[in-house]
1. Considering region 158-173 alone, what residues qualify as being open to solvent by less than 30 Å² (accessible area, probe 1.4 Å) and out of contact with any helix residue (DSSP H, G or I) (no Cβ under 8 Å at 6 or more places or on another chain)?
2. For region 186-266, which fully contained strands (runs of 3 or more DSSP E) count at least 2 residues that are more than 19 Å from residue 102 (Cα to Cα) and at pLDDT 95 or above?
3. Could you tell me which of the residues 440, 457, 452 is open to solvent by 50 Å² or more (accessible area, probe 1.4 Å), at pLDDT 95 or above, assigned to a strand (DSSP E or B) and not β-branched (Val, Ile, Thr)?
4. Please work out which one of (1) part of a strand (DSSP E or B); (2) at pLDDT below 95; (3) among the aliphatic types (A, V, I, L, M) is the condition residue 497 fails and give its number.
5. Restricting to region 406-437, count the residues that are more than 23 Å from residue 47 (Cβ to Cβ) and open to solvent by 30 Å² or more (accessible area, probe 1.4 Å).
6. Which members of region 24-45 meet the condition of being out of contact with any Gly (no Cβ under 7 Å at 6 or more places or on another chain) and not in a loop (DSSP other than H, G, I, E, B)?
7. If you check 89, 77, which single one turns out to be at negative phi, at pLDDT 95 or above and in contact with a strand residue (DSSP E or B) (Cβ under 7 Å, 6 or more places away or on another chain)?
8. Sort out which residues of region 547-569 are open to solvent by 10 Å² or more (accessible area, probe 1.4 Å) and under 23 Å from the mean Cα position of the chain (by Cα), and write them in order of number.
Amino acid sequence: MTWRTTVRKWLSYPHLDEELKQQLLLMQKDEKVLEDSFYKNLEFGTGGMRGEIGPGTNRMNIYTIRKASEGLARYVVAQGEEAKARGVVIAYDSRHKSPEFALEVAKTVGKHGIKAYLFKELRPTPELSFAVRHLGAFAGVVITASHNPPEYNGFKVYGEDGGQIPPTIADALIRYVEAVEDELAVDVASEQELLESGLLMYIGEEIDEAYVAQLKTIQLNPQLVESVAKDLRIVFSPLHGTANMLVRKGLEAFGFKNVTVVKEQEQPDPNFSTVASPNPEEHAAFALAIEYGKKIDADILMATDPDADRLGVAVKNKHGEYVVLTGNQMGALMLEYVLSQKQAKGMLPTNGVVLKTIVTSEIGRAIAARYGIETIDTLTGFKFIGEKIGEFEQTKEYTFQFGYEESYGYLIGDFVRDKDAVQSAIFAAEVAAYYKAQGKTLYDGLLDIFEKYGYYKESLRSLTLKGKEGAEQIAYIMSSFRRYPLREVAGVPVVAVEDYAVSKRWEDGAEKPIHLPRSNVLKYELANGSWFCVRPSGTEPKAKFYFGVKGKSQQESDTMLMQLEQAVMSLVEDALYQMK
């Protein structure tokens, strides 16, 4: 079937949603947009799907949501009656159409006799992860596109452990979704009949209370917090997303009352109208928070992304200026605090483990080693950290202490199995209180860590290469690195290479297996402790390049990082030139 035939099928469908129909009629004037909306089905990948909102098989709308939900429902039905009875928890964020899409999920799975627990108002993604575990549900769905632009939305699936579904389950689910041939023909139940039959239950405050009760368990020094809480000045911004209510409840539960919320960004807004991007990784997202911080001389500024799984933190540096910490830096501060305080209180288990991704700073491994704790790397993506937590829960081989990734994702308490910005925000406030009690800022604390472990510094460079040509360029970059083995980079010998596509590591002429799922990633380790990693993005048309160095001073680290970046990006430019 050609895309034009599919357009005609949609236009002739007698029950087509009226808003989508009007949009589709207007699109007839722009054939390029029309083709892009219908030339393929929106791809359902390992975590779900994400795309622009609008009419078409390649867009997010009630029909593509129904198709994905129908696939999920068929998968649940295949697992038996117990899975159906345990049901699916559904949450959604502040984006356009999120409430409508969430209800469509419930109506679709409910048609199959599957219980649906639907949050009656928007909630953070980590609370969805918690709710799946708390309710003993079989699966979870959150309607979100994280920090993508306003025109996007998405459908993200969670397993019964509260974590994003691992590759084996994802592959099975994808087959069920792809088997749904006609998105317009998916049958759904009505909200009313599901409520009357008990197959739809609205949830909210009772889950909030249970979640906040668990938040209290991650506090390590309540007396210390109490001693400085009234003096610790906090500025918080939910960046128009879902975190406002729970972060404030969590801070209050910890004893923090001196909290100022950025008023212009407090309310949910699907257009994210005060920021170019609602991503706390983007320093520009902190502009308003910094203004507030200057007015009240705040000790810590915090911002969460729309679905509240990422946390950004800004603090004053030695010059009294607010600087946004990197995910690696905030992770190091949290990790040092967790391990040092647990050790001081005799709470640190002998089989403790820290989990991080292969592109996260090596300072985490150095900190963990100082406290006799193992560090284990996972592939990029927090679902692999969640999967490891579940594995160790079963085997008892390790006891989880902390998990993080460089892209602003952290987890302290394992009652959630995904990165959790709500946990992270209140815990970051406690870390700030810890240093405040010593007459220090978080920035001072970071410098203390560098003095203790070395001046680690990291960066990320991305090349956006769109379309078919871009995909070919990204593939060529990866094959070029594999075809021409590197012996040195920036004048420093390469001492080890890891190729996750073949699950092998080469070091000192020996080959060792890598016991992780296969992935199109290359990592190089250099003789001076530096490293870099090359991988295509899994969600965007980008090639990503991660860099990490360790120097004896900030200046040395800056120089090492600049030289490493320049050398690697020069290799990339050469590869693209050869391709021409």
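The values are calculated or read from the model by the stated rules, or taken from the named source; none is laboratory data. All values derive from a computational prediction rather than experimental measurement. Cβ: placed from backbone, ideal geometry, glycine included. Neighbour counts: every protein chain shown. Each accessible area value is taken on the protein alone, full model and side chains, heavy atoms only, with ligands, DNA and RNA left out. Shrake-Rupley method; radii C 1.70, N 1.55, O 1.52, S 1.80 Å.
1. The answer is 170, and nothing else.
2. Numbers: elements: 200-203, 234-237, 259-261.
Once the strands (runs of 3 or more DSSP E) in region 186-266 are filtered for at least 2 residues that are more than 19 Å from residue 102 (Cα to Cα) and at pLDDT 95 or above, what remains is 234-237, 259-261.
3. Numbers: 440 fails: assigned to a strand (DSSP E or B); 452 fails: assigned to a strand (DSSP E or B).
When all the criteria are applied, what remains is 457.
4. It fails just one condition, (2).
5. Of all residues in region 406-437, those more than 23 Å from residue 47 (Cβ to Cβ) come to 425-437.
Filter once more, keeping what is open to solvent by 30 Å² or more (accessible area, probe 1.4 Å): 434, 436-437.
Adding up the residues that qualify gives 3.
6. 24, 25, 26, 27, 31, 32, 33, 34, 35, 36
7. On the way: 77 fails: in contact with a strand residue (DSSP E or B) (Cβ under 7 Å, 6 or more places away or on another chain).
Testing whether each residue is at negative phi, at pLDDT 95 or above and in contact with a strand residue (DSSP E or B) (Cβ under 7 Å, 6 or more places away or on another chain) leaves just 89.
8. Filtering region 547-569 down to residues open to solvent by 10 Å² or more (accessible area, probe 1.4 Å) leaves 550, 552-556, 558-563, 565-567, 569.
Listed by number, the list is empty, since nothing qualifies.
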